[in-house]
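Just below is one structure, and these are the notes that go with it.
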Amino acid sequence: MQSPLAVFRVWLQALRPGRPRPTWSDTLGAGSEAATSEGLQAGLELATQGILVLDAGWRIVALNNAARTLMHSPGAGLSGMEFWEMLAEDVADSHRSASEQALQHGAAHVFVVHDPFEDRWTEYSLRRHGVGAVVNLRDVSDTRQALLLLEGSELCNQSLFDDNTQAMWLFDAESRRVLALNKEAAAFYGLPGDTAVMPQAEAFFPEGEAEAWLDSLPPGDAHQEMRVCTQRRMNGEQVLVELACSTVLWFERPAVLVSVVDVGARHFADSQLQRLNDTLAQRLADQASELQRRHQEIATFTQAMSDDLKAPLHVVSGFAATLAERYSAALDEQGRHYLARIRASAHQLAKLFDDLRTLAHLPGVAISPELVDLAPLCRRLIDDWCKREPQRQMVLEIPPALPVLGDRNLLLMAVTCLLDNAWKFTARKPQGWIQVALLPGATASSSVLVVADNGVGFDAAYADRLFTAFQRLHSSADFPGGGLGLAIVKRVAERHGGTVWATTADSGGASFFMALPQDDEAALEVMRLPAPDQAG
């Protein structure tokens with residue numbers, strides 16, 4: 001007996017045009033029809049796909065189990081049925097005419113049927129063979145699902161491309177023909193949105209400029225940085241833009257995606273801004289020069305006022321001292337009182353001139369930071385004042401050391417002003433008390449110098465005026481002074497990158513604080529900055 005595959009081949013060969021339909025015995029050449037049927041069926045079962053063999057009347061004469069499974073008919077009831085009757089009516093109506101016409105002209109025909117119950121897709125491939133036909137059935141569900149996902153992804157990409165507010169267009173990587181433009185790009189270049197014939201990519205560039213840009217396209221799957229170039233609209237207008245591109249697959253075709261940003265208006269705005277910046281820079285330079293000039297005039301005026309006014313003041317003070325020395329006995333009590341008032345006023349005015357000159361010169365003083373111990377200075381100042389006024393009862397609390405980082409001369413100046421202020425406002429106390437201390441600052445890199453006393457204190461409502469020049473909260477008749485000491489303290493603290501403040505209690509007394517950076521590099525840089533009149 002022949003092999004099942006040979007029997008199947010003989011059967012198909014006998015279905016050639018012009019030959020009568022073979023019988024089972026013809027297929028074998030000798031043997032029973034039952035043996036022929038068994039051999040043909042065995043040959044069909046060797047195929048991995050479903051196979052249907054049809055006669056000239058589209059009736060099924062043979063099929064394998066794979067076909068029965070795909071057609072949901074595990075028994076043998078399909079044999080002898082017409083092919084189109086075993087399909088759903090809507091499927092048969094959709095594909096029968098096209099299939100019969102294709103096979104009549106010797107062509108093959110393929111259609112796919114979806115089974116919604118099992119969500120399975122079956123491909124039917126029909127081709128003419130002899131007077132009948134052979135139908136191959138294949139489960140293409142995986143392929144169909146992948147195709148649907150691909151189509152969904154492409155539709156999503158198409159939607160994102162079309163609706164993007166950024167002007168974008170694509171061109172074929174090989175032919176350089178434009179494949180698509182989104183609505184923004186069509187409006188930008190002046191092309192109708194439904195353009196049927198797309199131009200070449202070179203059409204969007206001024207003549208002679210496209211080649212250099214196209215030659216610089218990134219190879220493979222890469223991106224190009226934004227580059228400024230010129231684009232040409234369809235009306236001939238040229239526009240300055242930024243272009244960026246990347247290589248993509250557009251419906252499985254190698255393409256280049258181009259993103260367009262119109263920078264013409266921005267370039268104009270940048271030019272305008274640059275001109276405005278230049279104008280402002282010139283104005284700032286002019287104002288800085290004017291400020292420098294006026295600062296110099298104030299410094300000159302302060303120096304002249306101090307020198308020119310102190311000369312006659314020295315004369316007044318000298319004659320008053322001579323008068324007191326030689327003619328004090330000739331004056332009565334009222335005369336000696338007037339003379340003492342003249343000498344005190346002359347001394348206060350001289351002190352005011354010195355403080356005013358110090359305050360004016362502080363911004364221009366160069367700073368040399370170093371570690372300074374303020375404790376010996378504090379004790380020496382208080383000792384000198386106690387010798388001049390031995391009747392004062394004073395309690396002084398100063399630690400053995402007060403190490404502070406800063407400029408030695410400026411720190412000594414500030415501490416002198418603070419202690420002088422404390423000494424002055426404790427004058428009417430039976431026993432005065434002055435404390436100097438060094439406390440930790442708000443940060444690890446700062447310290448706070450504190451000078452506290454039990455003097456008359458001040459009204460807390462006016463605390464913000466204490467460190468302003470010539471702002472006095474007490475009468476000069478009660479507590480003499482020029483009103484510049486605390487202003488000098490504030491200016492010294494600011495030159496070091498620090499701050500000052502003061503507190504008072506209802507029972508009297510006051511505490512003055514000067515916070516100073518100790519190891520902060522930024523603060524040290526502030527100390528080293530040149531003064532305004534030295535920066536020019």
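Across the stretch 460-483, the qualifying residues are those that are of a type in the set (A, V, I, L, M) and within 48 Å of the chain's Cα centre (by Cα), and the one among them that is modelled with the lowest pLDDT is Ala469. Comparison of Ala66, Ala56, Ala47 shows that the only residue that is closer than 21 Å to Arg138 by Cβ, in a loop (DSSP other than H, G, I, E, B) and aliphatic (A, V, I, L, M) is Ala47. Answer yes or no as to whether Ser37 is of a type in the set (S, T, N, Q), in the same structural domain as Val134 (by TED's automatic domain parsing), surrounded by 14 or more Cβ atoms within 10 Å (Cβ to Cβ) and at pLDDT 80 or above. Answer is no for this residue. Gly457 satisfies every condition listed in (1) more than 46 Å from the chain's Cα centre (by Cα); (2) at pLDDT below 75; (3) closer than 17 Å to Asp420 by Cβ except (2).
Taken together, Ala311, Ala304 contain a single residue that is modelled with pLDDT under 75, more than 60 Å from the chain's Cα centre (by Cα) and surrounded by fewer than 13 Cβ atoms within 10 Å (Cβ to Cβ), which is Ala311.
Looking at the structure I just gave you, is Val316 at pLDDT 75 or above, over 30 Å from Arg341 (Cα atoms) and surrounded by 14 or more Cβ atoms within 10 Å (Cβ to Cβ)? No; evaluated as a whole, the condition is false for this residue. Taken as a whole, the condition of being of a type in the set (Asp, Glu), in the same structural domain as Phe513 (by TED's automatic domain parsing), in contact (Cβ under 8 Å) with a residue 60 or more places away in the chain and surrounded by 12 or more Cβ atoms within 10 Å (Cβ to Cβ) does not apply to Asp453.
The values are calculated or read from the model by the stated rules, or taken from the named source; none is laboratory data. Just so it is clear, the model here is predicted, and its values are computed rather than measured. Note that we place each Cβ from the backbone using ideal geometry, even for glycine, and neighbour counts take in every protein chain shown.
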